[in-house]
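The values are calculated or read from the model by the stated rules, or taken from the named source; none is laboratory data. Note that this is a predicted model, so its numbers are computed, not measured. With ideal geometry, Cβ positions are generated from the backbone for all residues, glycine too; neighbour counts draw on all protein chains shown. SASA here: full protein model, heavy atoms, side chains in, ligands and nucleic acids out. Shrake-Rupley method; radii C 1.70, N 1.55, O 1.52, S 1.80 Å.
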Amino acid sequence: MPYFDLRAMADTLLNSQLSFDHRCSALDDFAEHCAAISAIRPDRTFSAWAEDSVLASGVAINPAAAAFCIKDYQRTLQFIAGIQAALCDLERSLRSRPIRVLYAGCGPYATLLMPLLANWSAGRIECHLLDIHAQSLLSVQALVADFALGPISLSYHCADATRWQSELRFDLIIAETMQKALEQEPQLAVTAHLSELLEPEGIFIPEQISLNLWAARWDQEQRYSAQQNPEDLPPLVEAFERHFLHCAVQLRADTVQLLQPIADPGALVATVLDLGQFTVADTILAHRFDLIVATTVHVYADFYLHEYDSDLTRSYKFYDCSPLAAGQTFRVYYELGNYPRVRIDRLDGYPR
């Protein structure tokens with residue numbers, strides 16, 4: 001197998017002066033090399049959750065699907081850049097011991113961290129890679145050997161990230177186990193559990209995930225987002241005809257423990273979070289608008305995923321609540337369980 005220059009690839013990915021296409025091409029080269037070494041090829045694997053693990057806290061996607069996440073290019077580039085910035089900040093503040101890093105849900109390529117490891121010397125970083133799929137961890141071990149990263153301290157843990165225990169406390173925790181609108185995958189449960197393993201001055205990535213509810217022109221937004229270059233979409237969102245309704249979630253490691261479950265006899269799952277309620281203002285010509293949830297991700301420092309940047313931040317329409325009517329009142333919940341999701345209940349007398 002030809003030598004792969006991991007350090008040069010990292011330099012390419014982190015160079016914002018290079019074109020988006022150039023950096024995407026570097027990610028494709030990395031994926032091809034990883035697939036050749038591990039025999040795990042990126043694959044959407046939409047066929048009935050083939051080999052996904054359905055956990056009590058959500059779906060852990062299978063190794064091939066996890067590998068495919070590298071193809072969500074803007075997501076991958078922003079996370080890698082944010083993690084690099086976090087490591088540099090920790091390097092300046094921690095001089096007496098190695099930086100302890102936990103990467104939960106690392107997948108078969110450890111995509112968000114692996115490209116950066118070639119730039120670290122032995123003894124300065126201690127990495128713990130956690131994944132529920134043993135196949136993913138075996139793949140990462142093969143890649144570490146191929147990239148000659150032996151001097152880096154690496155530990156491998158095959159476990160559910162919502163249950164894994166450790167006596168260690170970590171300076172940096174990376175956990176990207178999410179889909180749009182925090183649906184299906186266990187990001188909230190993972191954040192709640194792993195936040196307890198974070199050092200007091202530690203960094204959790206992503207720093208914040210926000211879900212905002214809007215009265216929006218869904219069809220208009222879908223037409224525009226399908227036609228535009230992804231790099232053009234964030235400013236385009238500002239031109240959409242929208243009305244803000246409610247901030248449903250601001251998920252952060254330092255405040256996640258404040259989200260307390262409620263008793264909800266009508267729910268089909270045991271654990272439900274109350275996310276507040278809102279009323280559609282009379283000033284909104286609501287019959288023209290749909291109810292959507294928009295996801296944004298603050299990775300770290302100046303690195304963000306804005307709406308439509310990524311599969312993680314595509315908007316989601318609540319069909320049962322659309323079109324809206326002025327004066328309608330809704331209550332918002334988050335249901336935890338093997339398929340986490342936002343749930344919205346209508347509280348007024350309008351017909352469903």
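The figures follow:
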read-out	value
Entirely in the stretch 27-132, the strands (runs of 3 or more DSSP E) that have 1 or more residues that are modelled with pLDDT under 95 and under 30 Å from Glu307 (Cβ atoms)	53-55, 58-60
Number of positions in the stretch 253-273 that are over 27 Å from Ile205 (Cβ atoms) and open to solvent by 60 Å² or more (accessible area, probe 1.4 Å)	5
Some residue of the stretch 7-20 being in a helix (DSSP H, G or I), open to solvent by less than 20 Å² (accessible area, probe 1.4 Å) and under 25 Å from Ala134 (Cα atoms)	no
Pair list, Cβ under 9 Å, 6 or more apart: the stretch 126-154 residue at positive phi, other residue open to solvent by less than 60 Å² (accessible area, probe 1.4 Å) and basic (Lys, Arg)	none
Answer residue from the stretch 274-307, given it is at pLDDT below 95 and open to solvent by 90 Å² or more (accessible area, probe 1.4 Å) and is nearest to Ile83 (Cα to Cα) among those	Arg288
Residue among Gln250, Gln222 that alone is at pLDDT below 95 and open to solvent by 50 Å² or more (accessible area, probe 1.4 Å)	Gln222
First in the stretch 282-307 and outside any helix (DSSP H, G or I), second anywhere and modelled with pLDDT of 95 or more and of a type in the set (Asp, Glu), Cβ under 7 Å, 6 or more apart	His298/Glu207; Val299/Glu207; Tyr300/Glu207
Of all residues making up the stretch 155-182, the number that are crowded, with 20+ Cβ neighbours inside 10 Å and under 17 Å from Leu305 (Cβ atoms)	7
Verdict on Val269 being β-branched (Val, Ile, Thr), touching a residue at least 40 places away in the same chain (Cβ under 8 Å) and not in a strand (DSSP E or B)	yes
Subset of the stretch 147-165 (residues that are part of a loop (DSSP other than H, G, I, E, B) and touching a helix residue (DSSP H, G or I) at 6+ places or on another chain (Cβ under 6 Å))	Phe147, Leu149, Ile152, Ala161, Thr162
Selection count, the stretch 168-226, where residues are of a type in the set (Asp, Glu), part of a helix (DSSP H, G or I) and within 28 Å of Glu126 (Cα to Cα)	1
Selection from the stretch 225-247 of residues that are in contact with a helix residue (DSSP H, G or I) (Cβ under 9 Å, 6 or more places away or on another chain), open to solvent by less than 50 Å² (accessible area, probe 1.4 Å) and modelled with pLDDT under 70	Leu233, Leu236, Val237
